[in-house]
Amino acid sequence: MRYDTLFPIELLPVCSPAEFNKHPPVHDSRELLDRTLLHSMKRPHDWRIWFEAADVTPGSFREGLSFGNSSLAYQAAIDGLGIAVAHLELVQDDLKAGRLLAIHPLVARTADSYHLVGRETDVGRPEIAAFRDWLLSETRTQN
């Protein structure tokens with residue numbers, strides 16, 4: 001198998017502009033513990049990772065809202081239901097368009113990364129090589 005690293009997973013707390021304006025600005029990361037946190041059931045440790053990077057021992061989180069995957073949690077944040085901890089690379093378009101705002105500036109890099117994985121024997125196939133080259137160039141220009 002061949003593994004090409006595409007980009008690291010970096011976490012950033014995000015919310016809608018309405019949610020951002022509804023409460024006072026967050027100056028201390030501990031303040032997020034009192035807010036409605038949106039969780040992805042596929043990535044249950046992301047909030048804990050972010051809080052640890054912020055030097056906050058969260059103990060137990062407020063229950064918040066849980067969603068089947070990160071995309072649903074991000075949409076809930078866009079819809080103003082609370083604050084999601086997002087994979088920065090996956091919400092770039094929403095941040096640029098103003099659908100989501102960073103509620104705290106800390107970006108926490110995890111030990112995980114996204115990878116392109118394929119059989120080594122397929123690398124020489126023209127269509128596979130073209131796709132791989134395109135994807136690697138796209139992810140490198142984004143970072």
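The values are calculated or read from the model by the stated rules, or taken from the named source; none is laboratory data. Values in this document were obtained by computation on a predicted structure and should not be read as measured data. Cβ atoms come from the backbone with ideal geometry, glycine included; neighbour counts cover every protein chain shown. Calculation scope for accessible area: heavy atoms of the full protein, side chains included, ligands and nucleic acids excluded. Shrake-Rupley method; radii C 1.70, N 1.55, O 1.52, S 1.80 Å.
Odds and ends about this structure:
- Here the accessible area of the chain is 53 percent carbon and sulfur, with a 1.4 angstrom probe and all protein chains present.
- Nonlocal amide H pairs with PHE67, under 5 Å, H built at 1.01 Å: HIS39, SER40, MET41
- Cα-based shape type of region 41-109, given that a ≥ b ≥ c are square roots of the gyration tensor eigenvalues and the cut on a/c is 1.5: oblate
- Solvent-accessible ranking of TRP134, TRP50, largest area first, probe 1.4 Å: TRP134, TRP50
- Full extension of the chain between MET41 and HIS23 yields a length gain of 3.9 nm, computed as 0.36 nm times the residue separation minus the alpha carbon distance.
- Alpha-carbon centroids, region 89-136 and region 17-63: separation in whole Å: 24 Å
- Prolate/oblate/rounded label for region 1-50 (Cα gyration tensor, a/c 1.5): prolate
- J(HN,Hα) series, region 4-10, from Karplus relation 6.51 cos²θ - 1.76 cosθ + 1.60, nearest Hz, glycine and proline x: 10, 6, 8, 6, x, 8, 10
- Highest mean packing first, where packing is the average number of other Cβ atoms within 10 Å per residue, the peptides 18-25, 68-75 line up as 68-75, 18-25.
- Most mobile of GLY124, GLY80, GLY59 in a GNM of the chain (Cα contacts under 10 Å): GLY124
- Placing +1 on the Cβ of every Lys and Arg and -1 on the Cβ of every Asp and Glu, with no other charges, gives region 1-94 a dipole of roughly 260 debye about its Cα centre.
- Taking a ≥ b ≥ c as the square roots of the Cα gyration tensor eigenvalues, region 73-143 comes out prolate, since a/c reaches at least 1.5 and a/b is larger than b/c.
- Stretchable slack from ASP34 to VAL123, in nm (0.36 nm times residue separation minus alpha-carbon distance): 27.1 nm
- Length-normalised contact order for the chain - Cα pairs under 8 Å, 6+ apart - percent: 44 percent
- Residues in region 70-110 average 45 Å² of solvent-accessible surface per residue, probe 1.4 Å, ligands and nucleic acids excluded.
- Kirkwood-Stokes translational diffusion coefficient of region 20-143, alpha-carbon pairs, 25 °C, 0.890 mPa s, µm²/s: 149 µm²/s
- Helical content of the chain, expressed as a calculated mean residue ellipticity at 222 nm, amounts to -9000 deg cm²/dmol (DSSP H runs of 4 or more residues, -39,500 (n - 2.57) each, divided by residue number, nearest 500).
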